[in-house]
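See below for the structure under consideration.
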Amino acid sequence: MSPIKILVFFFFFTVRNRLREIVGASTNWQDHQQVLVERASLSQYLAQSQDQLPAKRMKDSMIEAHLPLGSQPALREKYLNSHNSVRFGRILEDLDCLGGNIDLNNIDNISNIVRLDGTSNIIDIIMISLQNIIYPDCDIKCTGHVTWVGKTSIEATMHMSQYQDGAYTDVLDATFVMVARDPENKRAAFVNPLKPEGLEEEAIFHQSEVNKTKRVELSTASLLKVAPTAEERTLIHNLFLNTLDTRFRGRILPPNSVWMEDAKLKGLEICHPEERNIFNRIFGGFLMRKAYELGRANACAFAGCRPTVVAVDDILFRKPVEIGSLLLLSSQVCYTEGMYVQVRVHSEVLDPLTRQHNTTNVFHFTFHLEKDVPAVVPQSYGGEKYFIFINAYIIINKLIIYS
């Protein structure tokens, strides 16, 4: 079976409309409430157990998408930044959309009438090879397929390469884990099981099982669930000693260091219907792009030079962002090591009518700089800043494990 080919030139129009047709979503914001009422009746077609669904093959979900930056110069403007390089935030949007397409190719129900909704829950790593940058005038190819399936969740793995000097060169690999939802988006729904064929697919599936175990272990190792390790406690204590005023008149900033409080950058987005997804909530790719751009701007302002993204890690979509919300983004440089900077972007929504704040996402970006950068130091011993600092330290070490 040949890969399904999609020209990304039409990615945010044709492909999104295709997804709307598959799941029966609204194409017009004005009638979205009526469509939600009509979709409630589709729940009767859902499988009551995974055993009722036929097994899928990896090649059933295979997609190959092309972004013709080289052969279609008119498209290039949308992806170009002021430094004449590719806007990586746009790439994140495309990956999110492509991941949804891959997952929907693996999902159907017993009567083959209804496909299920997919809500992004990205909880793995996007790795980028430092030696290969993304050029703005060369065509990009992205291939991907489902590599693992649970009862209600699906892992899609994508590989991006770029055509240069007569051959395709590796750019990045991405792993997205998404959860299937019922037509009313109230509960999880069963998805088709995956049946590996041959030794190569069995090895891929096994590696995905290993990745799942690592995700669970890293999740349970969160500082919100367990106490810091001996190594982490030593790191915290050394930070305290290095900033201690021996006259006990406060904290002192060590040489070549910056207080974490002075390494912040914030932003605000008004969530308009234009940026909605096929389920009439704000598109996850849009949220990733805005968070990345703020995080990159903060890394640039902190270091005083142009940053290059190395990894996007552990983006967890905790709550959907509703149309009309005020999206508050807060970026924090929370850990540095040599020429590397770890930036955390926290997003929350403010309901302008109730004035309630709710956290929706937490993003982690790792950047490489052109020079060594100052250390960031929490100003208080204990508290939230130390948790953020240690969590960033854990992420850097996790990148070493995965690489």
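The values are calculated or read from the model by the stated rules, or taken from the named source; none is laboratory data. Keep in mind the model is a prediction, meaning the values are calculated, not measured. Cβ coordinates were reconstructed from backbone atoms using ideal geometry, including for glycine residues, and neighbour counts include every protein chain displayed. For accessibility, only protein heavy atoms count, side chains too; no ligands or nucleic acids. Shrake-Rupley method; radii C 1.70, N 1.55, O 1.52, S 1.80 Å.
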Calculate one ³J(HN,Hα) per residue across region 353-366 by plugging θ = phi - 60° into the Karplus curve 6.51 cos²θ - 1.76 cosθ + 1.60, and present them in order as whole Hz with x for glycine and proline.
8, 9, 6, 8, 9, 9, 5, 10, 8, 10, 10, 10, 10, 10
FRET efficiency for Ala167 and Ser380, Cβ-Cβ distance as r, R0 = 56 Å, nearest 0.05?
0.60
For Leu316, the residues 5 or more places away or on another chain with a placed amide H closer than 5 Å to its own amide H are Val362
With all protein chains present, calculate the accessible area of Ile133 using a 1.4 Å probe and round the result to the nearest 10 Å².
90
For Glu261 and Lys151, what is the calculated FRET efficiency with R₀ set at 51 Å and r taken between the beta-carbons, to the nearest 0.05?
0.70
Apply the Karplus parameterisation 6.51 cos²θ - 1.76 cosθ + 1.60, with θ equal to phi minus 60°, to every residue of region 271-279 and state each ³J(HN,Hα) to the nearest whole Hz, in sequence, with x for glycine and proline.
8, 8, x, 4, 9, 7, 9, 5, 10
For Val321, what residues show an amide H to amide H distance below 5 Å, using hydrogens built from the backbone and excluding near sequence neighbours?
Ile282
Taking r as the C-beta separation of Ala74 and Leu241 and R0 as 51 Å, the FRET efficiency to the nearest 0.05 is 0.30
Beta carbons within 10 angstrom, averaged per residue: use that to sort the peptides 40-53, 297-310, 317-330, highest first.
297-310, 317-330, 40-53
Integer Hz, Karplus 6.51/-1.76/1.60 couplings in order for region 166-179, x for Gly and Pro
x, 8, 8, 10, 4, 10, 7, 10, 9, 10, 10, 10, 10, 10
Once amide H atoms are placed 1.01 Å from N in the peptide plane, what residues at a sequence separation of 5 or more from Gln379, or on another chain, have their amide H within under 5 Å of its amide H?
Met260, Glu261
Order by protection proxy (mean Cβ within 10 Å, highest first), peptides 260-269, 346-355
260-269, 346-355
